[in-house]
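Have a look at the structure below before the remarks.
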Amino acid sequence: MLVLFETSVGYAIFKVLNEKKLQEVDSLWKEFETPEKANKIVKLKHFEKFQDTAEALAAFTALMEGKINKQLKKVLKKIVKEAHEPLAVADAKLGGVIKEKLNLSCIHSPVVNELMRGIRSQMDGLIPGVESREMAAMCLGLAHSLSRYRLKFSADKVDTMIVQAISLLDDLDKELNNYIMRCREWYGWHFPELGKIISDNLTYCKCLQKVGDRRNYASAQLSELLPEEVEAEVKAAAEISMGTEVSEEDICNILHLCTQVIEISEYRTQLYEYLQNRMMAIAPNVTVMVGELVGARLIAHAGSLLNLAKHAASTVQILGAEKALFRALKSRRDTPKYGLIYHASLVGQTSPKHKGKISRMLAAKTVLAIRYDAFGEDSSSAMGVENRAKLEARLRALEDRGIRKISGTGKALAKAEKYEHKSEVKTYDPSGDSTLPTCSKKRKIEQVDQEDEIIEKKAKKAKVKVKVEEEEEEEEGVLVVEEQEATVKKKKKKDKKKHIKEEPLSEEEPCTSTAIPSPEKKKKKKKKKNNED
């Protein structure tokens, strides 16, 4: 039996010397513990070496796809067919192809896998003429080449160019705005009316470059740049302009600035076309979903297409709004609903209340498109077109409020509610103009009677309270008078003992009289207050 063994250096075909030992699968590894034991089991019959890494890559890609390389076909025809022995292979799919094309009997079983494992462990001793350093270098180079091949790495798939192009495009837009603003302000001192008549910046600069001084507008032909009506308006404004006179040197500097603006605008147009073509080559589905500018900004923000493919849909939705997100988390407010994806055409044509929903759905579909473009083998934009059509249908359903009701049974058809237009126009209420009383006289009389009864009840309660307070005050007054009389008697007794002259009664009586009428005065004051109430 012959064994086909593939290495990173070349193809090796071994001859099995002792097939009886192959029957013991569990103990077969013991026969490959040392190179000497391994040489007693298998012996190298032929070794076909690869010339370089490119040839090795072509051979292994063919093996991975289940195909036979030309070099392998020659070896099998030359060695195996002459031996008329069965061939042991590691891949059953490859064995089927060899059997179909070369009519060779191939074997694939657990015994063959264990045999391959043993040969791989003692490869340096079984294949003479191949150094371990050379083997390691070829393994590393082949591994890198295979990984690039599996990712379909090519010059057209380099997304670094997209990152640089979109960054340069944004810088050009800023510079153009500054230049055009300076040009309009500078020439506005000489011909201020021209800026209001011509709103397009590029047309403004081209007219200025062609004419220069405002006195030349009368004889200039601007039909290539402007419509007839606008041209007539410009010529009429040039005759009665309120601008100041400027020198020829000033006009030359302004014209040089206009030339710079025109050249930068042309280069920007060329760069935008380049970006469109590059985006359609690298990420066609993303371009269909969100447009080339938004897609390029997403790739630039993530760093590369592969990095962007690792992000979740929720991250892609708010990509570009990191400051707002962390500010909202810090202040415990609502987080942003969209970032760079807000500038996509689908989000832009949505009403404000549905922008959050559409941006969430668009982010989910865009992530699918990104991963398809990054890892998929197909370079068509069919998936992006299909997903965009679904989103547009969903958008129309939201805008038209065409939400269907689910019926009770699966067989019954869903019934849509009849649309009824409800006018939101506010009408004038004439009832506010009337000054007549809204309630009848009978109703008014009844209300007055009820109010009188309530007032009488309140008055009775107040009188009862006043009587109780008066009785309490009288009792307190009597007690006060008795205490004062007792104190006066004690004083008299003390005076008699000390032989002090007694004061006349006329002087003592007023003091008692002043103490006694105090509660009466309080009663009169309270009665007056009650009467006034």
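The values are calculated or read from the model by the stated rules, or taken from the named source; none is laboratory data. Only a predicted model underlies this, so the values are computations on that prediction, with no experimental measurement involved. Heads up, the Cβs are rebuilt from the backbone with ideal geometry, glycines too, and the neighbour counts pull from every protein chain shown. Quick note on the areas: whole protein, heavy atoms, side chains included, nothing else; ligands and nucleic acids left out. Shrake-Rupley method; radii C 1.70, N 1.55, O 1.52, S 1.80 Å.
Couple of notes before you dig in:
- Environment charge at ALA389 (Cβ cut-off 12 Å; Lys +1, Arg +1, Asp -1, Glu -1): +3
- Pair-distance distribution P(r) for segment 332-394, from all Cα-Cα distances in 5 Å bins starting at 0: 4, 16, 27, 21, 16, 10, 5, 2, 1 percent.
- When LYS206, LYS355 are compared by accessible area of protein heavy atoms, the largest-first order is LYS206, LYS355, using a 1.4 Å probe.
- Both radii were evaluated on the Cα set of segment 2-151; the Rg over Rh quotient, with Rh as the Kirkwood radius, amounts to 0.95.
- Residue pairs exceeding 26 angstrom between C-alpha atoms, taken from LYS49/LYS93; LYS20/LYS45; LYS37/LYS67; LYS15/LYS93; LYS30/LYS73; LYS73/LYS93: LYS37/LYS67; LYS30/LYS73.
- The packing ranking of peptides 274-283, 254-263, 171-180, 329-338, highest mean first, is 274-283, 254-263, 171-180, 329-338, where packing means the average number of other beta carbon atoms within 10 angstrom of each residue.
- Segments 345-351, 303-309 sorted - mean Cβ within 10 Å per residue, highest first: 303-309, 345-351
- Surface composition of segment 2-151: carbon plus sulfur atoms hold 51% of the accessible area, using a 1.4 angstrom probe and ignoring ligands, DNA and RNA.
- Counting only heavy atoms of the protein chains and using a 1.4 Å probe, GLU386 has close to 100 Å² of accessible surface.
- Segment 2-151 - percent relative contact order, Cα under 8 Å, separation 6 or more: 29
- Residue-by-residue Karplus 3J(HN,Hα) for segment 213-227, coefficients 6.51, -1.76, 1.60, Hz, glycine and proline x: 5, 5, 5, 7, 5, 5, 9, 7, 10, 10, 5, 6, 9, 10, x
- Of the accessible area of segment 160-272, computed with a 1.4 Å probe over protein heavy atoms only, carbon and sulfur atoms account for 52 percent.
- Per-selection metrics, segment 165-250 (Cα): Rg and Dmax in Å: 14.2, 46
- For segment 283-399, the fraction of 1.4 Å probe accessible surface lying on carbon and sulfur atoms is 54 percent.
- Hydrodynamic radius (Kirkwood) for segment 283-399, which is based on Cα pairs only, to one decimal in Å: 14.4
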